[in-house]
Amino acid sequence: MAMAVLGIFLALGLLMFMAYRGYPVILFAPIFALLAAVLSGLPLLPTYTEVFMVKTVGYVKLYFPIFLLGAIFGKVMDDSGAARSIARGLTERFGSKQAILAVVLTCAVLTYGGVSLFVVAFAVYPFAAALFREANIPKRLLPATIALGSFTFTMDALPGSPQIQNIIPTTYFKTTSFAAPTIGIIGALLVAGGGLWWLNRRKNRLVESGEGYGDHTINEPEMIEGEKLPPIWLSITPLLLVLGGNALFTYVVLPGWYPESLLKQYEGLQIDKVLGVWALILALVVGIAFALALQWVYQKKDEKEAGTGKSKKSLANTLTAGAVGSLLAIMNTASEVGFGNVIAALPGFKTIADFLLSMKTSPLISEALSINILAGITGSASGGMSIALDTMGAKYLSWAVSAGIDPELLHRIASMSAGGMDTLPHNGAVITLLAICGLTHRQSYPDIFAITVIKTLVVPIVIAIALLTGLV
């Protein structure tokens, strides 16, 4: 048992180290998962083909459409100029005095509207960096500011969020992406308020000590003067279509779309288990269609003004870039899911899981702990949550029902817990964000970790509020 536990911590430490050094997770996740398996006495090849690969492929089967359409939607929003229009409009409206708030709100609007986290970082960074430079705010705070707006309350707390972290629980608890709206909003306000308090406190202390924006040469953005962008009201329309379409398909269109007799032909398929995924797929298709029309209109204007008949951002290039980008994102996450499932198959993890399930406490607390632990191990919110719910989701649902707890609350706590300790140093989004900003872990990670701690601590607070007030 000691060797099994050692294998878990050794594999996790090595994966974090290699990710920190910039090595690909797709390659090293299976290597270190198999190392942990061998140290625990599991056979090498069966573990690889029947555990790691089966779980990796299973994750791709379930969520590839969301990754694909989400990446394409984000790329179309970028190439059409809509993402930059929203970023520029909001940052100009708030100005340099409220630079941190402006960047957080800009990221929040884009993320809640369905744009992928990575695309948000790329789209917002040039304007955010210019705003921080104008206000002379230390640039080291910029990654944490973008993370607060993109990786926290709009990702997993606000009801109706189209991000994958809010969709996964629908499969296990037969809920919708709008589950436990009151608790979700309370949690979102606590995370946003706590994060803004931390960032402004840090800014004031650093400025008082004489630190300003600083001299930076790596990936410093060059703003394009006079760029023709769609008006902000038109740019935000695709986001509203995704959000509105998600609600429409969830509550009005899909529940009665197919007769039960037809669904039963597909291995007893139940609409409740796929409603969240199907609704978001259709909503993203609607958003993509409008954003493509927007891109076509403004490309024609640019071509006419430039006197050319050829666009640098053709439809083929946009769709190809989005599709290719989705492959890297889902394979990174799926590989981490495979890693985590191998860890979950080890004797050492079974001991931990048994302890969590045997705790004489609420299923919400046990669920929050297990998902946070696995999100930290995998370095992935969606990956850690998938493993935890695959392993213990049915038991949590049964436990909650017997305790009189609404499954919607299980959904919301699962989503928010996944967005807790997921952003450890080996998290792919953190590594990408730092690279975009041209900064290092040493410079900026402490503030990212502070945001992580805040959103982790909010979970037990909302659990307490829910249990004491009976809001759900």
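Taking the Cα centre of segment 363-469 as reference, the dipole from Cβ charges on Lys and Arg (+1) and Asp and Glu (-1) amounts to some 180 debye.
The angle between the Cα long axis of helix 237-248 and the longest principal axis of the Cα atoms of the chain comes to about 30 degrees, rounded to the nearest 10. The angle between the Cα long axis of helix 347-358 and the longest principal axis of the Cα atoms of the chain comes to about 90 degrees, rounded to the nearest 10.
Loop exposure criterion: GluC sites (Glu not before Pro), DSSP state outside H, G, I, E and B, at most 13 other Cβ atoms within 10 Å. Applied to the chain, the longest stretch between such sites is 1-221. The calculated FRET efficiency for Val60 paired with Ala394, based on their beta-carbon distance and R0 = 30 Å, is about 0.85.
On the accessible surface of the chain, probed at 1.4 Å, how many percent belong to carbon and sulfur atoms? Within the chain, the accessible surface is 66 percent carbon and sulfur. Peptides 320-328, 82-90 ranked from most to least packed by the mean count of surrounding Cβ atoms within 10 Å: 82-90, 320-328. Rolling a 1.4 Å probe over the protein heavy atoms gives the chain an accessible area of 42 Å² per residue.
Using a probe of 1.4 Å, the accessible surface attributed to Asp78 totals some 40 Å² when neighbouring protein chains are kept in position.
Taking 0.36 nm per residue of separation and subtracting the Cα-Cα distance, full extension of the segment from Glu92 to Val401 would add 106.3 nm.
The longest stretch of the chain left intact once loop-based chymotrypsin sites (Phe, Trp or Tyr not before Pro) with at most 15 other Cβ atoms within 10 Å are removed from consideration, loops following DSSP, is 1-256. Taking the longest Cα principal axis of the chain as reference, the axis of helix 117-135 is set at about 50 degrees.
When +1 charges are put on Lys and Arg Cβ atoms and -1 charges on Asp and Glu Cβ atoms, the dipole computed for the chain relative to its Cα centre reaches about 320 debye.
The values are calculated or read from the model by the stated rules, or taken from the named source; none is laboratory data. This one's a predicted model, so the numbers in the text were calculated from it and none came from an experiment. Please note: Cβ atoms are built from the backbone with ideal geometry, for glycine as well, and neighbour counts cover all protein chains shown. All accessible areas refer to the heavy atoms of the entire protein, side chains included, with ligands and DNA or RNA removed. Shrake-Rupley method; radii C 1.70, N 1.55, O 1.52, S 1.80 Å.
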